[in-house]
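Encoded as structure tokens, the structure appears first; notes follow it.
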């Protein structure tokens, strides 16, 4: 009897503990990290991420609850502390700084058919190399993308190591290739998002960061080739032949192609129409998006009638009758994504009975949802 009571008590304690655990903290501090042999050191780290609320999501507790992952220290401090160990300051070395455009971790089932129930942990880092030129100004001279993976039974504890390896791999590529842009991009630490730059057609070019789109900083598209890839597009470097999957997006002067790798299980760019202050993507494959990660990133940002919109309503996890392709809207300033599921559109139109009735008479196709969405936003 005592064993039964103990087991029940333990169950309720674990349940309460799982509910209380809102986030998982990651520390990059590791006594095993040692200085690497390079001719440069890291002077500064700048946070250029559009999504700053977390660094991804992980599974925790016996109940495999998915929660946001965050650093123990402030983002720039955590990353700089790591890089100061790996690439320490030395008078004989060249100082370089970095702008981190993306840094996130994810977890997923490695093989749904496997009896071992292995999980896959992934860490991705995308950063720009910033160097000071003869004119005393800072310029972005290269961008490096790196992903590291680990498979095992308990992968959550491996994220700090994976993040470290992702940075080391990116810097190793920089060390070996010294890849430099033909025309470096000026970097201004104090440059803010330009609201006026979020209007109209996006100029032809390759954009490294969401702020660069609004501020008109881009690479020459002539150095790259746009190629159809699966349900989207990819960008090939004409000189190296390398697939460039780390850029924020690119424009051919008519269309803008947005990188969804922060939320997608597939690495490619999708054609996005600029509608006001948002990107509108006609159709995305629902199964290729990490909807849970999307909800964890933005759950705290969206309010409806004084309360929080449930993630299932916001991101479309409804009764399963939804078609495989769904329109996706992404706010250009915040990066917040919204899937235009049938349930979301109906909730959106609660304050407009006329449009709600009009929508109900349609076949509720992606084109119908787009038209209704545009009418609702422009009323």
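Numerical summary
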{"quantity": "Matching residues, region 200-216, being in contact with a strand residue (DSSP E or B) (Cβ under 9 Å, 6 or more places away or on another chain) and in contact (Cβ under 8 Å) with a residue 40 or more places away in the chain", "calculated": "200, 201, 202, 203, 204, 205, 206, 207, 208, 209, 210, 213"}
{"quantity": "Every pair of residues 6+ apart whose Cβ atoms lie under 9 Å, when the first sits in region 172-193 and is under 19 Å from residue 48 (Cβ atoms) while the second is at pLDDT 90 or above and surrounded by fewer than 13 Cβ atoms within 10 Å (Cβ to Cβ)", "calculated": "181/220; 184/133; 186/137; 187/137; 188/137"}
{"quantity": "Whichever residue in region 168-195 is touching a helix residue (DSSP H, G or I) at 6+ places or on another chain (Cβ under 8 Å) and more than 21 Å from residue 132 (Cα to Cα) and, among such residues, is surrounded by the most Cβ atoms within 10 Å (Cβ to Cβ)", "calculated": "168"}
{"quantity": "Identity of the residue in region 90-146, loosely packed, with under 14 Cβ neighbours inside 10 Å and not in a loop (DSSP other than H, G, I, E, B), that ends up modelled with the lowest pLDDT", "calculated": "109"}
{"quantity": "Only listed residue being touching a residue at least 24 places away in the same chain (Cβ under 8 Å) and either closer than 16 Å to residue 249 by Cβ or in contact with a strand residue (DSSP E or B) (Cβ under 6 Å, 6 or more places away or on another chain) (or both), chosen from 133, 168, 137", "calculated": "133"}
{"quantity": "Some residue of region 186-199 being assigned by TED's automatic domain parsing to the domain that holds residue 284, under 18 Å from residue 281 (Cα atoms) and in contact with a strand residue (DSSP E or B) (Cβ under 6 Å, 6 or more places away or on another chain)", "calculated": "no"}
{"quantity": "Region 236-250: number of residues that are surrounded by fewer than 21 Cβ atoms within 10 Å (Cβ to Cβ) and part of a strand (DSSP E or B)", "calculated": "3"}
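The values are calculated or read from the model by the stated rules, or taken from the named source; none is laboratory data. In this text, all values refer to a predicted model and were calculated from it rather than measured experimentally. Here the Cβ is made from the backbone with ideal geometry for all residues, glycine too, and neighbour counts use every protein chain on show.
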